[in-house]
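Structure first, then comments.
The values are calculated or read from the model by the stated rules, or taken from the named source; none is laboratory data. Quick caveat: nothing in here was measured; it's all calculated off a predicted structure. Cβ: placed from backbone, ideal geometry, glycine included. Neighbour counts: every protein chain shown. The protein model used for the area step is the full one, side chains on, heavy atoms only, and it has no ligands, DNA or RNA in it. Shrake-Rupley method; radii C 1.70, N 1.55, O 1.52, S 1.80 Å.
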Amino acid sequence: MTKYKAFLFLILLFLACKAPKNDSIGISTNTKPSKEYQEQIENMEQRIYFRAMGNEPEWSLQIAANKISFTSLKSNFESFNAPHVDPIRAMDANVKSYRVVTETGTMVITIEQQKCTNAMSGEIFPYTVRVEIEKSKDKSIASFQGCGNYIVDPRLHDIWVLEKMNGKNVSSSEFVNELPYLEINSNSGTFMGYAGCNRMNGSLFFEKEVLRFTSIITTRMACISENKEGEFLHSLESTTSYEVANMRLTLTNPSGIVLVFKKVD
């Protein structure tokens with residue numbers, strides 16, 4: 001069993017234990033899983049890292065580690081499935097595109113970091129998505145527009161206590177009372193925690209293999225000059241990538257390893 005499948009098994013086991021019980025007879029009640037729950041399971045099982053959807057006509061897109069899947073209710077464009085390809089990133093804007101070619105046709109996906117409002121639900125997404133498909137058989141072309149978002153790695157969803165900073169072990173004496181920690185919520189794409197003197201919270205910018213801690217807000221308690229909170233916050237803000245392994249969360253940037261956290265229960 002791979003580490004990823006083992007992690008998935010533990011998540012499913014935890015969710016099963018949390019299932020509602022019938023108080024009178026002590027057995028699980030058969031309830032239909034919510035759409036959000038079903039998507040979370042699908043994301044983990046299929047390693048989906050980006051989802052998008054649109055209306056008029058209704059369509060959906062999933063980009064996973066090994067495949068790209070598109071479905072639509074539009075006539076003659078019911079589905080388009082292809083192996084995963086790496087995106088091409090524009091030089092002057094946060095825009096990337098995927099171009100996939102199969103025997104049935106060509107699909108070009110453009111993802112732009114621009115707020116997008118779903119026309120039906122009113123929900124706001126961080127990315128605007130355009131999909132254009134050309135069928136090989138009749139050369140017909142269809143275009144779709146909608147909204148999307150990246151799926152934050154569920155392995156980040158936990159509490160992490162700082163262990164190393166810029167290559168050196170840290171101790172609570174370098175901060176106030178306790179070591180800095182992060183409590184990451186992968187569902188909402190946010191985090192909170194303790195920076196070493198002040199409480200903090202902020203947002204996650206997440207793409208495939210990219211992780212940044214943004215919009216960091218802290219309380220305004222005065223800190224002694226020896227406190228290393230400033231160094232910690234600077235290191236956290238400089239993070240661009242991550243790795244989760246052996247109960248550790250390692251945050252890095254192009255200069256190297258910046259912060260190492262240990263998972264706590």
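Here are the numbers:
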item	result
All-pairs Cα distance distribution in region 70-111, expressed in whole percent, bin size 5 Å	6, 20, 25, 21, 14, 9, 4, 0
Cα-Cα P(r), the chain, percent of pairs per 5 Å interval	1, 5, 10, 14, 14, 13, 12, 11, 8, 5, 3, 2, 1, 0, 0
Reference-scaled alpha-carbon Rg (2.2 N^0.38 Å with N residues) for region 148-265	1.00
Dimensions (Å) - region 63-216, Cα atoms, principal axes, largest first	71, 34, 29
Mean separation of Cα contacts under 8 Å, 6 or more apart, over the residue count of the chain: relative contact order %	11 percent
Prolate/oblate/rounded label for region 197-242 (Cα gyration tensor, a/c 1.5)	oblate
The chain - mean residue ellipticity at 222 nm from DSSP helices (-39,500 (n - 2.57) per run, n ≥ 4, rounded to 500)	-4000 deg cm²/dmol
For a label point 7 Å along the Cα-to-beta-carbon line of GLN113, residues of region 192-216 with backbone N under 16 Å	203-216
Principal axis dimensions, largest first and in whole angstrom, of region 100-163 by Cα	58, 30, 17
All aspartates and glutamates inside 17 Å of LYS74 as judged from Cα atoms, apart from same-chain residues fewer than 8 positions distant	GLU56, GLU58, GLU132, GLU134, ASP138
Accessible carbon and sulfur surface of the chain relative to its total accessible area, %, 1.4 Å	52 percent
